[in-house]
1. Which residue pairs have Cβ atoms under 8 Å apart, sit 6 or more places apart or on different chains, and have a first residue in region 12-23 that is on the phi < 0 side of the Ramachandran plot and of a type in the set (Lys, Arg) and a second that is open to solvent by less than 30 Å² (accessible area, probe 1.4 Å) and part of a strand (DSSP E or B)?
2. Among the residues of region 85-102, write down those that are over 15 Å from Ser17 (Cβ atoms) and crowded, with 19+ Cβ neighbours inside 10 Å.
3. If Gln82 passes every condition in (1) of a type outside the set (Phe, Trp, Tyr); (2) within 11 Å of the chain's Cα centre (by Cα); (3) surrounded by 15 or more Cβ atoms within 10 Å (Cβ to Cβ) but one, which one does it miss?
4. Out of the residues in region 107-122 that are among the hydroxyl-bearing types (Ser, Thr, Tyr) and over 13 Å from Leu86 (Cβ atoms), which is surrounded by the fewest Cβ atoms within 10 Å (Cβ to Cβ)?
5. Of all residues in region 1-48, which are of a type in the set (S, T, N, Q), under 13 Å from Tyr94 (Cβ atoms) and either in contact with a Phe, Trp or Tyr (Cβ under 8 Å, 6 or more places away or on another chain) or open to solvent by less than 30 Å² (accessible area, probe 1.4 Å) (or both)?
Amino acid sequence: QLQLVESGGGLAQAGGSLRPSCAASGRTFENYAMRWFRQAPGKARERVGSITWKGTSTDYVDSVKGRFTISRDNSKNTVWLQMDSLKPEDTGIYYCAGCLAGCTVDSNYKSWGQGTQVTVSS
């Protein structure tokens with residue numbers, strides 16, 4: 001299993017930016033596709049976006065397209081979530097997760113971090 005630790009969440013005003021990161025250890029990070037999820041209070045967890053193992057392709061949920069960008073550096077075993085033009089509805093706990101196979105499916109993301117809190121004030 002990959003061990004993942006998120007950091008870099010925090011408090012931002014609407015329209016501001018944050019850049020959480022996810023540091024990996026324990027296995028060969030470059031073999032893993034990575035996905036960011038979030039969970040708002042009282043709501044189900046949702047996929048935010050994904051990046052392939054080489055970092056050549058990303059995808060995002062419609063609500064964050066054009067505002068969020070996922071990137072990775074395999075030499076640093078790290079993936080980032082650049083969050084711009086933040087909205088109050090982006091508030092939640094953000095988790096990164098890793099997948100080795102069948103990575104279009106959320107349930108195949110078996111390695112999870114503990115999450116980092118993002119709070120956006122209006």
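The values are calculated or read from the model by the stated rules, or taken from the named source; none is laboratory data. This one's a predicted model, so the numbers in the text were calculated from it and none came from an experiment. Note that each Cβ is placed from the backbone with ideal geometry, even for glycine, and that neighbours are counted across all protein chains shown. Only protein heavy atoms, including side chains, enter the accessible area calculation; ligands, DNA and RNA are left aside. Shrake-Rupley method; radii C 1.70, N 1.55, O 1.52, S 1.80 Å.
1. Taking only residues 6 or more apart or on different chains, the pairs are Arg19/Leu81; Arg19/Met83.
2. Gly92, Tyr95, Cys96, Ala97, Gly98, Cys99
3. It is condition (3) that Gln82 fails.
4. Of everything passing the filter in region 107-122, Ser107 is surrounded by the fewest Cβ atoms within 10 Å (Cβ to Cβ).
5. Correct list: Ser21, Gln39.
Condition check ((1) under 15 Å from the mean Cα position of the chain (by Cα); (2) of a type outside the set (Lys, Arg); (3) assigned to a strand (DSSP E or B)) across all residues:
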{"site": "Arg35", "(1), (2), (3)": "yes, no, yes"}
{"site": "Arg38", "(1), (2), (3)": "yes, no, yes"}
{"site": "Lys43", "(1), (2), (3)": "no, no, no"}
{"site": "Gly49", "(1), (2), (3)": "yes, yes, yes"}
{"site": "Glu89", "(1), (2), (3)": "no, yes, no"}
